[in-house]
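Inspection log for the structure reproduced underneath, given as structure tokens.
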Amino acid sequence: MHKTIDFPNIGIHLKSVGDHITVFGFDIAYYGIIIGLGILVGIFIAAAEAKRSGQNPEDYYDLAIYAVIFSIIGARIYYVIFSWDMYKDDLISILKIRQGGLAIYGGIIAAIITVIIFAKVKKMSAPLIFDTAGLGLVAGQMIGRWGNFFNREVFGEYTDNLLAMRLPVDAVRGSDISGLMRDHMETVDGVSYIQAHPTFLYESLWCLMVLIIMLLYRKHKKFDGEVFLVYLLGYGLGRFWIEGIRTDQLLLPGLGIPVSQMLSGILVVVAIVLIVYNRRKRKGRIFSKK
């Protein structure tokens, strides 16, 4: 397998990008290292926000233990359900998450359920937890997307834009190569290359923007849970666009609709409705007191 990754239109040429390191004869995937780093950064950001807002950071360290475990399980289950043809003949491969195959929306759904249960058991405010942990969540996503870079996955349709990424054909899954990519395939010194949108990069940069907006917005929130709704709105908008140009979409069986794109649209609408409703409700209470 050829290991080059190029961004030809901005002059970046990486000659040898591996997907793992070997320690004492054991291969450790960069994908797992990056995901782990994203999780740790997310936990520390959530704990720092808890301290800033007068909460107990220890509660968020406790929450992280459960949230990380169930989020990974949820992310894997979501991916496997909508990619069942890849696993139905080799069920053991479902456990091989070091090779990739985690769907962020599955992790988010599992995390939301975990927070609700945790808040009920601890007698804490779930909306406040969402606001606090949401900052760590989006930061973790921003970092975690770079795991896809090392795995040569989660790229989009053919493009020749400024950030276009060029990959050797033998380094990617054949199912991710579209007809348009094949039409523009180039062969250099006997090696075939495709060129595509680096959607992992788009999403990482989008998450950075959403994180900045959330940090600025938290000072102006009118109710607990609003910052997390801003996350759902912002991330959903970006993911709706990005999902539309990916070539490895998870599709609803029988309908052929990208499930993550549909879910993104639903989340955007729900977030807008809840923000408007709660802000109007709060405004009405203020006027009634006067």
#### Entry: Square roots of five times the Cα gyration tensor eigenvalues for the chain, Å
37, 21, 18
### Query
Between their Cα atoms, which of Lys3/Lys51; Lys96/Lys123; Lys120/Lys281; Lys88/Lys122 are more than 32 Å away from each other?
Lys3/Lys51; Lys96/Lys123; Lys88/Lys122
### Query
Taking +1 at the Cβ of each Lys and Arg and -1 at the Cβ of each Asp and Glu, which of Ile245, Ile213, Met185 sits farthest along the dipole of the chain towards its positive end, judged by Cα position relative to the Cα centre?
Ile213
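Where does each of Thr187, Thr247, Thr159, Thr4 land when they are ranked from fewest to most other beta-carbon atoms within 10 angstrom?
Numbers: Thr187 9, Thr247 22, Thr159 19, Thr4 16.
If I rank by nearby Cβ atoms, fewest first, I get Thr187, Thr4, Thr159, Thr247.
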### Query
Taking the Cα atoms only, what angle lies between the long axis of helix 57-81 and the longest principal axis of the chain, rounded to 10 degrees?
50 degrees
### Degrees, to the nearest 10: 226-245 long Cα axis against longest axis of the chain
20 degrees
### Query
Helix 199-217 versus the longest principal axis of the chain: what is the Cα-based angle in degrees, 0 to 90, to the nearest 10?
20 degrees
### Query
So, by mean Cβ neighbours within 10 angstrom, what's the order for 130-140, 214-224, 12-22, 55-65 with the highest one leading?
130-140, 55-65, 214-224, 12-22
### Task
Using 0.36 nm per residue of separation minus the Cα-Cα distance, give me the extension gain between Asp85 and Lys283 in nm, one decimal.
66.2 nm
### Message
Per DSSP helix of 4 or more residues, -39500 (n - 2.57); summed, then divided by the residues of the chain. What does that give at 222 nm, rounded to the nearest 500?
### Response
-20000 deg cm²/dmol
### Query
Fully extended, how many nm does the chain gain between Ile12 and Ile28 (0.36 nm per residue separation, minus their Cα-Cα distance)?
3.2 nm
### Query
To the nearest Å, what is the center-to-center distance of segment 88-134 and segment 1-63, using C-alpha atoms only?
18 Å
### Summary
Magnitude of the Cβ-charge dipole (Lys and Arg +1, Asp and Glu -1) of segment 5-220 about the Cα centre, nearest 20 debye, reported as 920 debye
### Query
When the label point is put 7 Å from the Cα of Ile245 along its Cα-to-beta-carbon vector, which residues of segment 138-179 have a backbone N closer than 11 Å?
156-165
### Task
Compute the distance in nm between two label points, each set 7 Å from the Cα along the Cα-to-Cβ direction, one at Tyr61 and one at Met1.
3.8 nm
## Note on the structure
Given Cβ charges of +1 for Lys and Arg and -1 for Asp and Glu, the option among Tyr61, Tyr277, Ser260 whose Cα lies farthest towards the positive end of the dipole of the chain is Tyr277
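Throughout, read-outs are computed from the coordinates displayed, never taken from laboratory work. Note that the coordinates shown come from a computational prediction; the quantities given were computed from them, not determined experimentally. All Cβ positions, even for glycine, are placed from backbone atoms using ideal geometry, and neighbour counts span all protein chains on display.
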